[in-house]
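Beneath this line is the structure, given in structure tokens, with notes to follow.
The values are calculated or read from the model by the stated rules, or taken from the named source; none is laboratory data. In this text, all values refer to a predicted model and were calculated from it rather than measured experimentally. A quick note on method: Cβ atoms are made from the backbone with ideal geometry, for glycine too, and the neighbour counts reach across all protein chains shown. Ligands, DNA and RNA are stripped out before the accessible areas are found, and what is left, the full protein with its side chains, is counted by its heavy atoms. Shrake-Rupley method; radii C 1.70, N 1.55, O 1.52, S 1.80 Å.
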Amino acid sequence: MLFLVVCSAPFREEFERSLLEKGIEGYTLIPKVLGRGGGSEPVMDDEVWPGFSVLFLIFVEGNKVGKLKEILGEFSRKVKPFKAFALREVEVI
């Protein structure tokens, strides 16, 4: 299962540590993303809407899916902006 995770940049290292602590070692990081979500203020890295987010692409299988969902639940309660999307149908080529 592929997860797309948008996380407020100041929480990047904490999120990475949580992944490693649960044995999730593989991911791709896009270090700066801008946007507007439904439940948080825009982050556009400008004078009006300061700040930016990071984007993690995380592919997990088996018991690691549950471990990742635990982390996502924890961070969704304490970090804004934070949003995770799960893509079930993924073909690795």
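Do the conditions hold for Lys64, that is, is it surrounded by 11 or more Cβ atoms within 10 Å (Cβ to Cβ) and farther than 21 Å from Leu2 by Cα? So Lys64 does not fit the description; no.
Annotation: of all residues in segment 5-37 being of a type in the set (D, E, K, R) and within 20 Å of Arg77 (Cα to Cα), the one that is modelled with the lowest pLDDT is Arg36.
Within segment 21-45, the only residue that satisfies the criterion of being on the phi > 0 side of the Ramachandran plot and among the charged types (D, E, K, R) is Asp45.
For segment 27-38, which residues satisfy the criterion of being within 13 Å of the chain's Cα centre (by Cα) and either open to solvent by less than 70 Å² (accessible area, probe 1.4 Å) or more than 22 Å from Trp49 (Cβ to Cβ) (or both)? Break it down stepwise before answering.
Restricting attention to segment 27-38, the residues satisfying the condition of being within 13 Å of the chain's Cα centre (by Cα) are 27-33.
Correct list: Tyr27, Thr28, Leu29, Ile30, Val33.
Taken over segment 47-56, residues that are more than 10 Å from the chain's Cα centre (by Cα) and either aromatic (Phe, Trp, Tyr) or surrounded by fewer than 13 Cβ atoms within 10 Å (Cβ to Cβ) (or both) amount to 5. In the set Phe75, Phe59, only one residue is of a type in the set (A, V, I, L, M, F, W, C), in contact (Cβ under 8 Å) with a residue 40 or more places away in the chain, open to solvent by 70 Å² or more (accessible area, probe 1.4 Å) and out of contact with any Pro (no Cβ under 8 Å at 6 or more places or on another chain); that residue is Phe59.
How many residues, within segment 16-26, are surrounded by 12 or more Cβ atoms within 10 Å (Cβ to Cβ) and touching a residue at least 40 places away in the same chain (Cβ under 8 Å)? Explain how you work it out, then say what you get.
In the first step, residues of segment 16-26 are kept if they are surrounded by 12 or more Cβ atoms within 10 Å (Cβ to Cβ); the result is 16, 18-19, 22, 24.
Filter again for touching a residue at least 40 places away in the same chain (Cβ under 8 Å), leaving 18-19, 22, 24.
Total meeting the criteria: 4.
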